[in-house]
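J.: Have a look at this one before I ask anything.
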Amino acid sequence: MKTTLYQLLGVAPNASKEQIAAAYRTALGAAENARHADPNSATFLRDAYQILSNDAQRAAYDASLVRAQRGAAAPAPAADARAIGWMPWLVGVMLLVGLVAAWQWRKAPVQPASPKTALVAQKDEARGAPAENAPAAPARSIETAPVAVQPLVRSAEEIFVQLAPSVARVNVLDGSGAPIGSGSGVVIDRETVITNCHVALRARRLTVRIGDDTRAATVGTADEQFDLCRLNVPGLGAPAVGMGSVESLRTGQKVFAIGAPQGLDLTISEGIVSSLREVQDGIVIQTTAPISPGSSGGGLFNAAGQLVGITTFQHRYGQNLNFALPADWVARMQTRSSQVAQTGRNMPTPVAGGDPAGTIIGKWLCYGTLTGRNGEYTFAEDGTMSAVIGGKAAMGQYALRGKALYLTGPGVTLAIEELSSQKMILNAGEGRRLVCQRS
């Protein structure tokens with residue numbers, strides 16, 4: 001008899017939702033930490049939990065188990081003597097039909113088969129699909145347009161139960177261990193958490209907290225161009241999330257953000273993909289899922305519970321203008337600083353960091369000496385920037401590092417020629433200067 005979903009999670013068929021959730025987290029953690037585990041075991045566990053945590057799917061699955069038990073217990077029908085006499089004729093007809101079908105198959109283009117596992121078959125039964133020995137449905141015309149497979153849409157409650165054990169609060173500490181800020185992070189591998197560099201690189205010391213477990217962390221890979229930092233967290237046993245791709249997203253699709261805004265651990269918000277913004281290195285996700293300071297480094301998940309983005313910044317003066325970096329960038333990370341020459345060339349990706357000294361925080365009125373255009377720039381304490389240039393609004397983040405000012409909204413780097421409490425001159429290269437007065 002094949003393994004049931006209850007046996008896969010190690011619970012009784014009458015287990016409560018809480019018992020199923022606890023067993024799932026334990027089994028998933030063991031599968032993630034096992035050295036020689038089947039690479040598909042974590043997927044099987046997630047699928048089993050997905051079915052058993054949904055009342056309707058669980059009821060359908062339980063009914064399929066009852067049918068299977070009744071079928072196994074039923075005695076085989078006695079052979080009909082009259083049918084035996086027809087057997088040679090039936091065999092001949094079946095052979096003829098088989099030869100014709102094989103000849104037609106050889107003429108038709110070969111389509112790749114989709115592998116099926118016992119678990120997938122059980123999922124089909126739970127969703128009301130016909131059993132293996134049920135009559136086949138009539139074949140459709142080959143002109144029928146293919147239907148795209150969409151991820152299973154799940155509720156915010158189900159998403160939270162699945163992913164809460166994998167979302168962290170990142171504590172930013174000074175040299176003495178005193179807290180100076182916080183952000184969010186997501187477990188992407190064994191003892192590994194992803195967050196924003198503008199969170200991690202402010203710290204002299206870092207700790208990562210998931211539930212009641214707090215552990216010291218260090219920066220393993222700091223990709224400042226992507227504003228993504230990979231943290232090493234020895235001893236962390238939290239399960240890793242499943243990785244998705246921004247390529248699977250469409251405008252209007254439902255997404256969920258989970259993080260620790262304002263230090264409030266495990267806060268979930270729901271929204272949609274409001275736009276997909278192209279930058280030089282890929283696509284940045286704009287979403288209505290609310291985020292706040294402290295959400296930086298948290299996870300943006302699709303309706304299937306896959307990580308599709310890292311929540312990074314919001315437009316301070318806009319409404320529901322929130323942005324996430326694509327999860328695809330995690331695989332492309334490398335240790336590198338924000339090496340952008342002071343010649344006004346386009347920035348490769350968003351960069352954050354703000355102005356720790358508070359030199360330029362506030363509102364500035366700027367005049368372009370070459371273009372003759374006026375602009376109003378506002379630099380906030382949290383590293384966000386908004387501007388109105390020629391009547392058009394722009395937003396993003398900024399970083400003041402040495403004699404360079406990085407602006408992610410317009411996507412440029414400006415060299416600072418002069419900076420005082422009331423005056424600032426910025427050089428974008430090729431004679432393009434901005435002369436600014438504090439407003």
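J.: As an exercise: evaluate Asn14 against (1) modelled with pLDDT of 70 or more; (2) outside any helix (DSSP H, G or I); (3) open to solvent by less than 60 Å² (accessible area, probe 1.4 Å); (4) of a type outside the set (Phe, Trp, Tyr) and give the number of the one condition it does not meet.
T.: (3)
J.: When only residues in segment 251-277 that are of a type in the set (Gly, Ala, Ser) and over 18 Å from Ser166 (Cα atoms) count, which is surrounded by the fewest Cβ atoms within 10 Å (Cβ to Cβ)? Lay out the reasoning, then the answer.
T.: Narrowing segment 251-277 to residues of a type in the set (Gly, Ala, Ser): 252, 257, 259-260, 263, 269, 271, 274-275.
Right, trim to over 18 Å from Ser166 (Cα atoms) and you get 252, 271, 274-275.
Values: Gly252: 9, Gly271: 17, Ser274: 18, Ser275: 15.
Filtering first and then ranking leaves Gly252.
J.: Kindly provide the set of residues from segment 209-242 that are among the β-branched types (Val, Ile, Thr), under 13 Å from Pro165 (Cβ atoms) and part of a strand (DSSP E or B), ordered by number.
T.: Hit for segment 209-242 is Ile210, nothing else.
J.: Next question. Do you know which residues across segment 381-395 are part of a strand (DSSP E or B), more than 21 Å from Thr359 (Cα to Cα), among the small types (Gly, Ala, Ser) and open to solvent by less than 70 Å² (accessible area, probe 1.4 Å)? Write out each step before concluding.
T.: First, the residues of segment 381-395 that are part of a strand (DSSP E or B): 384-389, 392-395.
If we keep only those that are more than 21 Å from Thr359 (Cα to Cα) as well, we get 389, 392-394.
Checking which are among the small types (Gly, Ala, Ser) leaves us with 393-394.
Correct list: Ala394 only.
J.: To continue, here is another question. Cβ-Cβ under 6 Å, sequence separation 6+ or interchain: first residue in segment 314-335 and open to solvent by 100 Å² or more (accessible area, probe 1.4 Å), partner of a type in the set (A, V, I, L, M, F, W, C) and modelled with pLDDT under 90. Which pairs?
T.: Arg316/Ala380
J.: State the number of residues belonging to segment 274-325 that are at pLDDT below 90, over 18 Å from Gly252 (Cβ atoms) and hydrophobic (A, V, I, L, M, F, W, C).
T.: Looking only at that region, the number is 3.
J.: Show the residue pairs meeting these rules: Cβ distance below 8 Å; 6+ apart or different chains; first residue within segment 199-213 and within 17 Å of Leu228 (Cα to Cα); second residue part of a loop (DSSP other than H, G, I, E, B) and hydroxyl-bearing (Ser, Thr, Tyr).
T.: Close Cβ pairs satisfying both conditions: Val199/Ser296.
J.: Could you list, in sequence order, the residues of segment 233-250 that are surrounded by fewer than 16 Cβ atoms within 10 Å (Cβ to Cβ), out of contact with any helix residue (DSSP H, G or I) (no Cβ under 9 Å at 6 or more places or on another chain) and of a type outside the set (Ser, Thr, Tyr)?
T.: Pro234, Gly235, Arg250
J.: Let me ask something else about it. Exactly one of these conditions fails for Met395: (1) in contact with a Ser or Thr (Cβ under 7 Å, 6 or more places away or on another chain); (2) at pLDDT 75 or above. Give me its number.
T.: Failed condition: (2).
J.: For Glu247, indicate whether it is closer than 30 Å to Phe44 by Cα, modelled with pLDDT under 95 and not in a loop (DSSP other than H, G, I, E, B).
T.: Values: closer than 30 Å to Phe44 by Cα: yes; modelled with pLDDT under 95: yes; not in a loop (DSSP other than H, G, I, E, B): yes.
When the stated conditions are applied, Glu247 passes them.
J.: Can you confirm whether segment 36-58 contains a residue that is open to solvent by 50 Å² or more (accessible area, probe 1.4 Å), at pLDDT 75 or above, part of a helix (DSSP H, G or I) and among the β-branched types (Val, Ile, Thr)?
T.: no
J.: Cβ-Cβ distance below 7 Å, separation of 6 or more or different chains: which pairs start in segment 367-380 with a residue that is within 13 Å of Met424 (Cα to Cα) and open to solvent by 20 Å² or more (accessible area, probe 1.4 Å) and end on one that is modelled with pLDDT of 80 or more and aromatic (Phe, Trp, Tyr)?
T.: From residues that are within 13 Å of Met424 (Cα to Cα) and open to solvent by 20 Å² or more (accessible area, probe 1.4 Å), the pairs are Tyr377/Trp364.
J.: Still on this model: Closer than 22 Å to Asn320 by Cα, in contact with a helix residue (DSSP H, G or I) (Cβ under 8 Å, 6 or more places away or on another chain) and among the hydrophobic types (A, V, I, L, M, F, W, C): does that describe Ile272?
T.: Numbers: closer than 22 Å to Asn320 by Cα: yes; in contact with a helix residue (DSSP H, G or I) (Cβ under 8 Å, 6 or more places away or on another chain): no; among the hydrophobic types (A, V, I, L, M, F, W, C): yes.
Answer is no for this residue.
J.: Continuing with this model, one more query. Being closer than 17 Å to Leu266 by Cβ, surrounded by 15 or more Cβ atoms within 10 Å (Cβ to Cβ) and over 19 Å from the mean Cα position of the chain (by Cα) is the filter here, so list the residues in segment 176-213 that pass it.
T.: Ser182, Thr207, Val208, Arg209 - these are the residues of segment 176-213 that are closer than 17 Å to Leu266 by Cβ, surrounded by 15 or more Cβ atoms within 10 Å (Cβ to Cβ) and over 19 Å from the mean Cα position of the chain (by Cα).
J.: Output the number of residues of segment 282-301 satisfying the condition of being of a type in the set (Ser, Thr, Tyr) and either buried (at least 24 other Cβ atoms within 10 Å of the Cβ) or outside any loop (DSSP other than H, G, I, E, B) (or both). Before you say what the answer is, go through the steps one by one.
T.: Filtering segment 282-301 for residues of a type in the set (Ser, Thr, Tyr) gives 287-288, 292, 295-296.
So of that shortlist, the ones also either buried (at least 24 other Cβ atoms within 10 Å of the Cβ) or outside any loop (DSSP other than H, G, I, E, B) (or both) come out as 287, 295-296.
Residues meeting the conditions: 3.
J.: Please find, within segment 403-439, the residue that is modelled with the lowest pLDDT out of those that are assigned to a loop (DSSP other than H, G, I, E, B) and under 13 Å from Ile360 (Cβ atoms). Step through it out loud before you land on a result.
T.: Pass one, segment 403-439, residues assigned to a loop (DSSP other than H, G, I, E, B): 403, 408-411, 420-422, 428-432, 439.
Within this subset, residues satisfying the condition of being under 13 Å from Ile360 (Cβ atoms) are 403, 420-422, 439.
Working: Lys403: 79, Ser420: 87, Ser421: 86, Gln422: 89, Ser439: 83.
Checked segment 403-439; the qualifying residue modelled with the lowest pLDDT is Lys403.
The values are calculated or read from the model by the stated rules, or taken from the named source; none is laboratory data. No experiment lies behind these values; they were computed from the predicted model shown. Ideal geometry is used to build each Cβ from the backbone, glycine not excepted, and the neighbour counts take in all protein chains shown. Keep in mind that these areas ignore ligands, DNA and RNA; they rest on the heavy atoms of the full protein, side chains included. Shrake-Rupley method; radii C 1.70, N 1.55, O 1.52, S 1.80 Å.
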